[in-house]
Number of protein chains: 2
Amino acid sequence: MRLDAHSILPPELRACATELQLSKGALLFAQGSKPKAMYCVRSGEDRLIRTAVNGAEIVLQRATSGFVAEASLDHAAYHCDAVVVKTATILSVPRSRFQRALSDAAFREAWIGYVNAQLRHSRLQCERLLLRTARERVLHFMETEARGRVLKLGMTKKAWAAELGLTHEALYRTLRSMLEAGELAERPSGCFRMKSV
Amino acid sequence: MRLDAHSILPPELRACATELQLSKGALLFAQGSKPKAMYCVRSGEDRLIRTAVNGAEIVLQRATSGFVAEASLDHAAYHCDAVVVKTATILSVPRSRFQRALSDAAFREAWIGYVNAQLRHSRLQCERLLLRTARERVLHFMETEARGRVLKLGMTKKAWAAELGLTHEALYRTLRSMLEAGELAERPSGCFRMKSV
DNA sequence: CGTACTTTTGAATCGCATCAAATCTGGTGG
DNA sequence: CCACCAGATTTGATGCGATTCAAAAGTACG
C-alpha cells in the first residue's frame with residue numbers, strides 16, 4: 001500500500017498489461033458490467049462510487065496507487081461505478097491472464113499479503129466509522145495513519161471529510177477547535193502534527 | 001461465508017487442527033500477543049474487541065462461523081483482544097502449518113476467494129456506516145444481507161445495533177417507526193420481511 | 001426461581017447535517 | 001501575463017436525529 005502496488009505484479013503480467021490514459025470524468029467500468037481486467041492505478045485518482053437509493057453518492061474505494069475492485073474480479077458483475085476523478089494512468093491486466101498468473105507461488109503469496117493488507121485497512125476504516133464524534137475519528141485516523149506523529153494528508157480536506165464520514169464543514173470546525181485546543185498543529189502542504197499521545 | 005468456512009481447509013490441516021472449547025468470557029488471544037495459530041470458530045461466538053482511548057469498546061469483527069483475524073496471521077502482534085462472547089468451539093491450526101498448506105494450489109485459490117469475500121463484506125460495512133440515518137442503514141443492511149426480501153437475523157437486536165453503528169435504543173425506535181409505516185414486517189425468531197423494493 | 005441480559009419506552013441534550021454565502025486557490029485559455 | 005472558473009476552504013445560523021441517562025418489563029438459562 002505504501003509502496004507502489006503494481007510492483008507485486010510478476011514480469012509476465014507487466015509485459016501483457018495495457019496502459020490506459022483516462023481523463024477526468026471518464027468511466028473505467030460501469031455498474032453491472034462484467035469484470036474483464038484487473039486494474040491498477042499508477043497515477044491520478046479513481047473512485048468506486050455507488051449511488052444510494054436517495055441519490056447520494058457513496059465512495060466505496062479511493063485509489064491513487066493500487067488495485068481497483070480487486071476483490072470483485074471473480075464476480076459476475078461490478079456493483080458500482082469506477083470514475084476517474086483526476087486524470088489517471090491505469091494498468092489493465094486481462095482477467096484470465098491475472099488468474100493464471102496466480103498459479104505462481106511467489107505471486108500468490110504476495111497477492112494474499114496485499115489483499116490481507118486491504119482487509120486490515122478496511123476493518124480499520126469500519127472501526128473509525130463506529131466512533132461517534134468527529135474529534136474521535138480524526139484522532140483515530142491520526143493514530144492509525146500517521147508516521148511518527150506527523151500525518152501527511154495525501155488528499156484535500158474535503159476528500160478526507162468524506163473518508164471520515166463527515167461533511168466538510170464538520171471537519172473544518174473540528175480541526176479548528178483541535179488547533180485552538182493545541183491538540184494538533186497544521187504544517188504546510190497538508191501535514192498535521194499531533195501534540196500528545 | 002454462508003457455508004461453514006472451515007470446509008475450505010484441506011484434509012491435512014483439519015487433521016492437525018486442535019479443537020478448543022472456550023467458555024464465555026475467555027480470551028482467545030490478547031492484544032499485543034504474537035499470532036501462533038489460525039482460528040476458525042465453529043460454534044458459539046467470538047469477538048475482536050479494541051478498547052478506544054475513551055474507554056469505549058469497539059467490535060472489530062464478530063465471528064460465529066468463520067476465521068478470526070485471518071488478515072493478521074502474518075503480523076508481529078495482534079492489535080486487539082479476541083473475546084469469547086458465547087461458549088465456543090474453535091479450531092486452531094498452527095500458524096506454520098497453515099502457511100505451508102497455502103503452497104497447495106487448490107487451497108490457495110479457495111483462501112484467496114475467502115479473503116476476497118471478507119474484503120467485499122467489510123467494504124459493504126463501511127458503505128453502510130457512511131449512511132447518515134438509522135433508517136438508511138437498516139434498509140442498506142436488508143438490501144445486502146437479506147435473501148429474497150426476508151432477513152434472518154442471526155443475532156440479538158442489540159448486537160445488530162452495534163454492527164449498524166447505532167445505540168440499541170436508536171435501532172428499536174427506528175424499527176418501530178418502520179413497522180408502523182409498513183416498510184417492514186417482523187416475523188418470529190428474528191426474521192424481517194421488506195415490503196417494497 | 002433467580003439472575004443476567006435483552007427489549008422497550010421516555011425525556012433532555014448535544015453534535016452534526018443542512019443551507020447559505022464569502023473567500024481563497026489552482027489551473028485554463030485568451 | 002492576466003482574467004476567469006471550478007473547486008476547496010472557511011464561517012454562520014438553524015433544526016433534526018441520534019446519544020445519553022433512566023427505568024420498567026420481558027426472556028433465557030443454569
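The values are calculated or read from the model by the stated rules, or taken from the named source; none is laboratory data. Note that the coordinates shown come from a computational prediction; the quantities given were computed from them, not determined experimentally. Cβ atoms come from the backbone with ideal geometry, glycine included; neighbour counts cover every protein chain shown.
Summary of values
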item: Number of the condition not met by residue A:151 [criteria: (1) exposed (fewer than 15 other Cβ atoms within 10 Å of the Cβ); (2) more than 12 Å from DNA strand D (Cβ to nearest atom); (3) within 22 Å of residue A:176 (Cβ to Cβ)]; result: (1)
item: The range B:129-149 residues that are within 14 Å of residue B:166 (Cα to Cα), paired with ones that are of a type in the set (Ser, Thr, Tyr) (beta carbon under 8 Å, 6 or more apart); result: B:134/B:174; B:135/B:174; B:135/B:177; B:138/B:174
item: Selection from the range B:137-162 of residues that are charged (D, E, K, R) and within 12 Å of DNA strand C (Cβ to nearest atom); result: B:157, B:158
item: Options A:32, A:25, A:113; residue that is within 23 Å of residue A:161 (Cβ to Cβ) and surrounded by fewer than 19 Cβ atoms within 10 Å (Cβ to Cβ); result: A:25
item: Filtered residues of the range A:1-49 (kept if in contact (Cβ under 8 Å) with a residue 12 or more places away in the chain, of a type in the set (Lys, Arg) and under 24 Å from residue A:120 (Cβ atoms)); result: A:42, A:47
item: Residue list for the range B:81-113, restricted to those being within 9 Å of another protein chain (Cβ to nearest Cβ) and assigned to a loop (DSSP other than H, G, I, E, B); result: B:102, B:103
item: Residue B:27, sole failed condition from (1) under 19 Å from residue B:110 (Cα atoms); (2) at pLDDT 90 or above; result: (1)
item: Residue within the range B:155-174 that is of a type in the set (Ser, Thr, Tyr), in contact (Cβ under 8 Å) with a residue 12 or more places away in the chain and within 14 Å of chain A (Cβ to nearest Cβ) present; result: no
item: Options B:99, B:118: the member that is within 30 Å of residue A:103 (Cα to Cα), crowded, with 19+ Cβ neighbours inside 10 Å and in contact (Cβ under 8 Å) with a residue 12 or more places away in the chain; result: B:118
item: Output for the range A:160-179, where each listed residue is more than 10 Å from DNA strand D (Cβ to nearest atom) and either under 19 Å from the mean Cα position of the chain (by Cα) or exposed (fewer than 14 other Cβ atoms within 10 Å of the Cβ) (or both); result: A:163, A:164, A:165, A:166
item: Scan of the range B:5-24 for residues that are among the charged types (D, E, K, R) and either within 17 Å of residue B:109 (Cα to Cα) or not assigned by TED's automatic domain parsing to the domain that holds residue B:75 (or both), ordered by number; result: B:12
